[in-house]
Amino acid sequence: MTVKKKKRSYIRAVILLVMAGAIVFTIYNSFAGGKSELLQVGDEAPDFTLVDLEGKKHQLSDYQGQGVFVNFWGTWCKPCEKEFPLMENQYQVYKDQGVQILAVNIAQSDYEVRQFAEQRDLTFPIVIDKTKSVMEAYNIRPLPTTLLVNPEGKITKIITGEMSEEDIASYMEEIKPE
Amino acid sequence: MENVQCQCGHTNPPGTKLCESCGRSLTEKDQNSKLVDMRYEGTARRSQTYNKSIIDKIWNFFSSVKVGVSIIVILLVAAAIGTILPQQAFVPASTEATIQAYYADTYGSVGRVYHALGFHDLYSSFWFIALVGMLAISLVIASLDRFVPLYKSLKNQRVLRHPSFMDKQRIYGSGPGAEDTLEKAETKLKELKYNVRTDKNGLLAEKGRFSRWGPYVNHIGLIIFLFGVMLRMIPGFYIDESLWLREGETRAIPEVPGYYLENKNFKLETYTGEGEDARFEEAIDRVGTVVKNYQTDIVLYQEPEDSLPGATDNLEVIQEYPIRVNQPLKFDGYAVYQMDYKLNELKAMTFALTNKETEESLGELTIDLINPVDTYELEGGSTVELLGYYPDFSGFEDGEPQTATPLPNNPGFLVELTTPETPAGETSFITIQNTVEPLGENQFKLTFQNADTRNVSGLTVRKDSTLPILGIGGLIFMIGVAQGMYFNHRRFWIQQKADGTILLAGHTNKNWFGLKKDLDRVVDSAKLPAYTDQQDEIDKAEKAEKEGEVSS
């Protein structure tokens, strides 16, 4: 009889554990957003290739060995506008130390992007994601969103929202190759 | 708790109400009642009987029907609350802050409280999912706790029951019988498709036992259904994304890696009331325009296997297709539906360069609002240089024109006009029906001529790999319902005592009328004693008592 009771307790514990596990799993997934391939810190940054204003192709993997500061933006986005001069300042400091900026514009016209860049004397490459495919691959929602990619091609930070110049400097320091 | 020893000598597990072997009532309360409670055959529900470890306590909690019903009620109330205001997925805002502002602005303090309590995303809140999960646990445990003892009890039931079990059945009768009464009853019952077992001086006839499994089959269906719903939360199983696609645009399809859609053309056709549509004329006169067709002509592209996101120069055309309402584009497990549209979004604007005084035109230019260029050359040697373009002009900030969105809803242009007469150039800022001359009075201006527009298609991308699972769950659920509802578990116990007296009892889980009809035929052919419906007797007695009280 006691063996039977023990067995019963054991079965009950297993059933309860399995079901509680299923609930926790479901809740976890619903908070992860249920998106496929949601990017996380530590993931390999998905490779992409986009064309800049001069017609030059930029492929993320070409910058392996350098830290890449990938910034998604649009001309209508006010925080993006405020960040750009600060990014330019820090680009001047870090570009010789192996940090690259790739500013990815979301599907705007060449004219608007060029005007924007020229007015602000931006020297880092600005590429346009005409079909929003890179935006989809990176699951970008709010603008601006910045991803820090280290020299090994791994994402070390995902920043949504505006950054101060100190932030930008410290981020570039973080992904600087040794 | 101790095991219960019945007078017949059988040892029953604690909590048993009717002896597993002979059917005697084991509790004093049951012994004194006129009818026995046949639920779960009087077996001990396992959960009530052991209550020691923490696991047993949790188990017992979920085994309770009261708890199960409470969870259902709470879920119903919560689900109802979620329908009072629209859920966040259906409000025209996308970021945390704008969603919060939307509820506050649109619904006032009610909206603010609603949002603060998290009801704007109720169905994916952790507590709602946890409640559904608890319902699932309750279904499994309550079913197991009832199904196992019931199954064992019905499987092991004896033919001969104690007279005290028989005379407490709702259908009961006793009286003298002949020598061949039992045999005749057996033949007739078999004819009526009963399974008949005999033992010494008695028989047990049974039909439709499987109807007792109905509720448990039903619960299995529900669990499978809930499992399917759970899978929806796992990436890759369920996609429901919307995509606004403008005519001429090619865009990556959200959540569908490697595929692109181009909107060639969107059209909205209405019934004209002429020709073939003449028969609808009356209706059209009555209600105004009636839409006949919403259609987006699309081209589906796929990028080559080794291609990277962003590389769009080598896309392969997979198919061209007109997406219409209820005629989605289907490919690779995905479906793209026509859901919404916006007509006449600005696409290009044509201006004439005119002398303000003489109104003489020096030529026309068309600015493509989607893809403007730096300089527009006119025939007579004049040029219009685009110094700035603000597709959705929203005012000035520090003297700089601003744009609120990237869409050409309210285009603003900063232009420099150069003509043979004014080689130095004149600057003007143009928005719809308004021209500002920031650097002083100009001789020339751009006069609006006409605009080109384009339409926008609202498409929805869907994929649901859980549908087969939901379908199977639903089917099993319905089978369980039918099994429990349309079939009855009917049983008769007949015994002949040594002195020839026949004892007769009957029980069914539902449809007593059908049971009596069967029994009447057996009584007729086998000359069984007349029976009574003891529940009817009790009801009648109670009614009479009440009436007696009223009249006295």
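Points to keep in mind about this one:
- Consider region B:168-199 and keep the residues that are open to solvent by 90 Å² or more (accessible area, probe 1.4 Å) and part of a strand (DSSP E or B). The one that is farthest from B:CYS22 (Cα to Cα) is B:PRO176.
- Taking region B:231-264 as the range and being part of a strand (DSSP E or B) and either in contact with a Gly (Cβ under 9 Å, 6 or more places away or on another chain) or among the aliphatic types (A, V, I, L, M) (or both) as the test, the residues that pass are B:TYR238, B:ILE239, B:SER242, B:LEU243, B:TRP244, B:LEU245, B:ALA252, B:LEU261, B:GLU262, B:ASN263, B:LYS264.
- Scan of region B:390-409 for residues that are open to solvent by 60 Å² or more (accessible area, probe 1.4 Å) and under 16 Å from A:ARG120 (Cβ atoms), ordered by number: B:GLU397, B:ASP398, B:GLY399, B:GLU400
- Among the candidates B:LEU160, B:LEU154, the residue that is closer than 27 Å to B:SER211 by Cβ, away from every other protein chain (no Cβ under 14 Å), out of contact with any strand residue (DSSP E or B) (no Cβ under 6 Å at 6 or more places or on another chain) and hydrophobic (A, V, I, L, M, F, W, C) is uniquely B:LEU154.
- Residue check, B:LYS517 over 23 Å from B:GLY175 (Cα atoms) and loosely packed, with under 13 Cβ neighbours inside 10 Å: no
- Residues that are touching a residue at least 40 places away in the same chain (Cβ under 8 Å), among the aliphatic types (A, V, I, L, M), open to solvent by 50 Å² or more (accessible area, probe 1.4 Å) and closer than 27 Å to B:ALA79 by Cα do occur in region B:209-221, at least one of them.
- Put simply, of B:LEU528, B:LEU459, B:LEU504 the only residue that is open to solvent by less than 20 Å² (accessible area, probe 1.4 Å) and more than 50 Å from the chain's Cα centre (by Cα) is B:LEU528.
- No other residue among B:LEU417, B:LEU387 is part of a strand (DSSP E or B), open to solvent by less than 40 Å² (accessible area, probe 1.4 Å) and farther than 22 Å from B:VAL456 by Cβ apart from B:LEU417.
- Yes/no for B:ASN442 being more than 10 Å from chain A (Cβ to nearest Cβ), at pLDDT below 90 and either touching a Leu at 6+ places or on another chain (Cβ under 9 Å) or loosely packed, with under 12 Cβ neighbours inside 10 Å (or both): no
- Failed condition for B:ASN344, given (1) away from chain A (no Cβ under 11 Å); (2) in a loop (DSSP other than H, G, I, E, B); (3) not aromatic (Phe, Trp, Tyr): (2)
- Cβ-Cβ contacts under 7 Å between residues 6 or more apart (or on different chains), taken from a first residue in region B:295-315 that is more than 9 Å from chain A (Cβ to nearest Cβ) to a second residue that is small (Gly, Ala, Ser), are listed as B:THR296/B:SER457; B:GLN302/B:GLY258; B:ASN314/B:SER307.
- Near pairs, Cβ below 6 angstrom, 6+ apart or cross-chain, from region B:319-334 (in contact (Cβ under 8 Å) with a residue 60 or more places away in the chain) to any residue that is charged (D, E, K, R) and open to solvent by less than 80 Å² (accessible area, probe 1.4 Å): B:GLY333/B:LYS463; B:TYR334/B:LYS463
- Residue count, region A:31-54 (criterion: in a loop (DSSP other than H, G, I, E, B) and modelled with pLDDT under 90): 11
The values are calculated or read from the model by the stated rules, or taken from the named source; none is laboratory data. Model, not experiment: these values are computed from the prediction. Glycine also receives a Cβ, built like all others from the backbone with ideal geometry; neighbour counts cover every protein chain displayed. Quick note on the areas: whole protein, heavy atoms, side chains included, nothing else; ligands and nucleic acids left out. Shrake-Rupley method; radii C 1.70, N 1.55, O 1.52, S 1.80 Å.
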